[in-house]
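Working notes for the structure below.
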Amino acid sequence: MTAETTPVIAAGDTTRAIVTGGASSERPRRRKKLTGSRVMQYVGLGVYLFFLGFPLVWLLSASFKSSRELNSLSANLIPAEWVFTNYVDALERQNLIQSAGNSLIVAISTTFITLLLSMPMAYALARLRGRLRAGGTIWILASQVFPAILIIIPLFLVMRTLHLNDTLFGLTLVYVTFTMPFTLWMLQGYIAAIPIDLEEAGEMDGAGRWRVLRSIVFPLLAPGIAATAMFTFVSAWNEFFLALVLIQSPELYTLPITLRSFLGAEGQTQLGPLAAGAVLATIPSLIIFSILQKRLTGGMLAGAVKG
């Protein structure tokens, strides 16, 4: 009896070891070999990151340099003398805080209005078929061909007739008009990538159109909304030409116009305060990107199918 059960016990131990991974744990782990292609990928990624990050690092270094060092021919990345008054001059003398507030109001308002108007229009372009969709696509592409300088004079006359020039509200409406075509193009691409079978399944379960949009389409559209919001915010935050033409009052200046005021008489530029102001101007964009990065990197259909 004992001799017959011994092989069974040994077989059970062997099976248990295989299932629990006890036998495999004793095997040495294989190390991934760095092939030539993998090394070239890392080298290329490092060069790309250096190419992107070096201007920001150089700008940060220049913001702590003295005017004498900046005007010299030396190209030191680390300042020879750390000067912190550049930030004080940028914040006090050029009224940078008020201009940043104006830019923030315009950028946030532009982003909100653009997304609010673009989402239903983008859904219609992505789902509908026929002449309406073709006409909308042609309008989007045609609006991106002509530069803004061609219509700046008629635009200024129209805004003056409507008493909207030299106002932040009028500037916001202009930004919404110029950013919406590309925003529509981005959003309709994201919506077209969502399988329509998910919407049909929701309708078969008894959900109405609004319930399908709210529970299925909008959650899956979150990466597209985040990317579009980032593009719209940065475009409105960095825009210079339209604001220069439409805004005349110093108290309504946006941040790019205020940074232009660092250019002194006869072309003499205050490089230190200008670099400090440029560094401060990049902070809101970095904050917005850090908030939206999880949505940007999230999968398009993550969570679409629940077990």
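Values for this structure:
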{"read-out": "Test item: Cα-centred dipole of region 177-259, Lys/Arg +1 and Asp/Glu -1 on Cβ, debye", "value": "140"}
{"read-out": "Exposure of V176 as accessible area (Å², to 10), given a probe of 1.4 Å and all protein chains", "value": "10"}
{"read-out": "Cα gyration tensor shape of region 34-80, rounded if a/c is under 1.5, else prolate or oblate by comparing a/b with b/c", "value": "prolate"}
{"read-out": "Rounded if a/c under 1.5, otherwise prolate or oblate - region 34-133, Cα gyration tensor axes", "value": "oblate"}
{"read-out": "Estimated FRET transfer efficiency (R38, I153; beta-carbon r; R0 51 Å; 0.05)", "value": "0.35"}
{"read-out": "T269 long-range amide H proximity, modeled H, under 5 Å", "value": "G264"}
{"read-out": "Region 77-221, dipole about Cα centre (Lys/Arg Cβ +1, Asp/Glu Cβ -1), debye to the nearest 20", "value": "580"}
{"read-out": "Rounded FRET efficiency, nearest 0.05, which uses the C-beta distance separating V145 from N95 and R0 of 41 Å", "value": "0.65"}
{"read-out": "For region 114-121, 3J(HN,Hα) per residue [Karplus equation, 6.51 cos²θ - 1.76 cosθ + 1.60, θ = phi - 60°, Hz, x = Gly/Pro]", "value": "5, 5, 4, 7, 7, 4, x, 5"}
{"read-out": "Per-residue HN-Hα couplings for region 203-214 [Karplus 6.51, -1.76, 1.60; θ = phi - 60°; Hz; x = Gly/Pro]", "value": "5, 5, 7, x, 7, x, 4, 5, 5, 5, 5, 6"}
{"read-out": "Modelled label reach - L132, point 7 Å along Cα→Cβ, region 162-189 residues with backbone N closer than 19 Å", "value": "181, 184-185, 187-189"}
{"read-out": "Those trypsin sites (Lys or Arg not before Pro) in region 108-217 that DSSP places in a loop and that have at most 16 other beta carbons within 10 Å", "value": "R129"}
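The values are calculated or read from the model by the stated rules, or taken from the named source; none is laboratory data. In this text, all values refer to a predicted model and were calculated from it rather than measured experimentally. Methodologically, a virtual Cβ is constructed for each residue, glycine included, from the backbone with ideal geometry; neighbour enumeration extends over all protein chains shown. To get the accessible areas, we keep the full protein, side chains included, count just its heavy atoms, and leave off ligands, DNA and RNA. Shrake-Rupley method; radii C 1.70, N 1.55, O 1.52, S 1.80 Å.
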